[in-house]
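Any read-out appearing in this document is the output of simple, stated calculations on the displayed coordinates, not a laboratory observation. Model, not experiment: these values are computed from the prediction. Using ideal geometry, Cβ is built from the backbone for each residue, glycine included, and neighbour counts are taken over all protein chains shown.
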Amino acid sequence: MQSPLVEVFWGGSVMSITMLLWFTASWWAHSGIPIVIGWMVCSITMNLVNKQAVQVFPATSLLIILLMLIASVFLLVFEFRRMSFQRWGDLGKWIAIPFFFAGILGTSLWALNYSTVSTVLILRSALPLLALGVDKAFLRSTMIITPRHIFCVVLVIGGSVIYTHWNVSITMYSIWLLMINGLLIIMDRSVQRYLLTDADFSLTPQLCSFLTNAVGIIPMMIIAVVSGEIHEWDAAVLDVTPTSWFWVVVSGSCGCCLNYLALHAQKRVSVTTFLMMQNFNKVAVVVGSVVAFGDVLSALSVTGCAMSICGSVWYCLLQQNEIGFASEKSMQEK
């Protein structure tokens, strides 16, 4: 176990890097590659910080609510002047996004009660296959789907299966939950991309990010009540140490930066590409956990991780060559 001073050093360093990415995002928001790389770095960092926060903070729903509250405060303090909208209808359209997030989180947590983490991971790795159809049918994607695209996705799925040692547990109830979970993920990403790439959508990214966090507290409170976790909050808060509160603040600041960069990234890449990059991030987090937390991986798990990384990177290279990540005039930041 590390000393509090070491934890504060590493946490402060991570917080400084993510805040720097956030504050400088407006400088390179019109260039696709820096935005996408910045989002991926922040996503990997956020997952590692969240792992630390979950280990030291006992109440999951309360932790998420606190992270959303911290992100909302950060956005109000630093980005309030750039929050604006022109039509109330656009505001109403975005309000659905936080409820998608809560639905994704809730179905994920409930599915874990009836299946394994491996089952959820394998399903998530297969979502880009469904997203390919959604991109073409509903989002007017001009991307030409080739056998190489399909092979990349299958390679990632195969890597996930090998990494998890095919530790799959399925019940009829978990099948329904996982199907709903996957559908919500696709709907969430598709609606966000549709709105963000719509030239008539009047909400600025800063306001979108604030609403996602601030309004998201409401469905998270509902989940806490339904799950019964809210009755454990008093005891949980009493057991939290100052160092644990520090990690909550670090995680909240990282989440604020991640959400903001994710909005810019989704304006420039398709839903399928975004999900493929998320698959890469998850594998990178596994590797990072080995370094940061001393997690142990078998040779078989390393092989699976390598396959997933290769599939994700190859897919992104295909996208770079065929449609590019450079932003278009219609996707300029508002």
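Under the rule a/c < 1.5 gives rounded, and otherwise a/b versus b/c splits prolate from oblate, where does the stretch 176-317 land using the Cα gyration tensor?
oblate
What's the FRET efficiency of Arg82 with Ile218 using the Cβ-Cβ distance as r and R₀ = 25 Å, to the nearest 0.05?
0.55
Convert each backbone phi in the stretch 203-216 into a coupling constant with the Karplus relation 6.51 cos²θ - 1.76 cosθ + 1.60 (shift: θ = phi - 60°), then list the ³J(HN,Hα) values in order as whole Hz, x for Gly and Pro.
Here the 3J(HN,Hα) series is 6, 6, x, 5, 5, 4, 5, 5, 5, 4, 7, 5, 5, x Hz.
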